[in-house]
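So the structure is just underneath, and the comments pick up after that.
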């Protein structure tokens with residue numbers, strides 16, 4: 001999962017998007033156009049901050065790599081996943097201040113037609129577990145509670161620290177994300 005700024009261009013034939021990678025110095029001038037708290041949180045997802053988190057996590061050598069993100073492996077992902085989940089928790093209450101929000105599905109090539117509008121819900125999903133008997137066996141079902149509704153986990157797509165339904169994204173609490181990781185790994 002990556003967080004990026006997009007320059008949205010309105011054209012006669014539709015919207016066009018230009019990526020603004022959170023690396024180097026070019027993106028910093030665009031952060032000033034965002035509401036103050038939003039810009040501060042987005043900055044925490046910049047490449048330099050991610051590298052510093054890896055260094056703090058014991059991977060100091062990554063700072064000296066020419067392209068640090070090209071040399072990452074599965075050891076680095078838990079640190080980055082945890083950090084980005086925290087950043088998204090900080091961004092969630094600020095979502096109403098973000099005028100345009102889009103997402104690119106995993107595996108999709110970057111193209112204007114693949115970029116979809118999104119909304120970041122202010123609601124915090126919670127998990128509930130139901131033990132059911134099916135064909136003489138016990139089965140653990142995971143349910144997601146949002147506001148006053150309860151929905152099966154299968155109604156959502158899970159991406160990193162998100163549950164997605166349609167174009168609406170719900171940010172999972174760290175504890176719930178960890179429980180779902182264990183559930184999908186068959187540890188529950």
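Taken together, the values in this text are just the output of simple stated rules run on the coordinates, not laboratory data. As the structure is a computational prediction, the values presented were derived from the model and not from experiment. No Cβ is skipped: glycine too gets one built from the backbone with ideal geometry, and neighbour counts run over all protein chains shown.
Report, as a whole number in µm² per second, the diffusion coefficient that Stokes-Einstein gives for the range 1-104 at 20 °C and 1.002 mPa s using the Kirkwood radius over alpha carbon pairs. Present the calculation step by step, with values, prior to reporting the outcome.
On the way: Rh = 15.1 Å.
So the translational diffusion coefficient is about 142 µm²/s.
For the range 1-132, averaging the sequence separation of C-alpha pairs within contact (under 8 Å, six or more residues apart) and dividing by the residue count gives a relative contact order of 17 percent.
For the range 121-188, what is the relative contact order in percent, using Cα pairs closer than 8 Å and at least 6 residues apart in sequence?
On the way: 89 pairs, mean separation 18.6, N = 68.
About 27 percent, as a whole number.
Take the Cβ atoms of residue 29 and residue 165, set R0 to 30 Å, and the FRET efficiency comes out at 0.30. Between 134, 53, 89, the Gaussian network model of the chain with springs among Cα atoms under 10 angstrom shows the greatest mean-square fluctuation at 134.
Efficiency by 1/(1 + (r/R0)^6): what FRET value for residue 111 and residue 174, r their Cβ-Cβ distance, R0 = 25 Å, to the nearest 0.05?
0.15
Between the C-alpha center of the range 18-43 and that of the range 125-188 there is a gap of 33 Å.
When the chain is treated as a GNM, springs tying every alpha-carbon pair under 10 Å, which of 66, 176, 47 comes out with the largest mean-square fluctuation? Highest fluctuation among the options: 66.
Computed over the chain, the Cα gyration tensor eigenvalues convert (square root of 5λ each) into semi-axes of 31, 23, 15 Å, ordered from largest to smallest. Rounded to the nearest whole angstrom, the semi-axes of the ellipsoid equivalent to the range 121-188, taken from the Cα gyration tensor as √(5λ), stand at 22, 14, 10, largest first. For the chain, the longest principal axis of the Cα atoms and the long axis of helix 77-91 meet at an angle of about 80 degrees.
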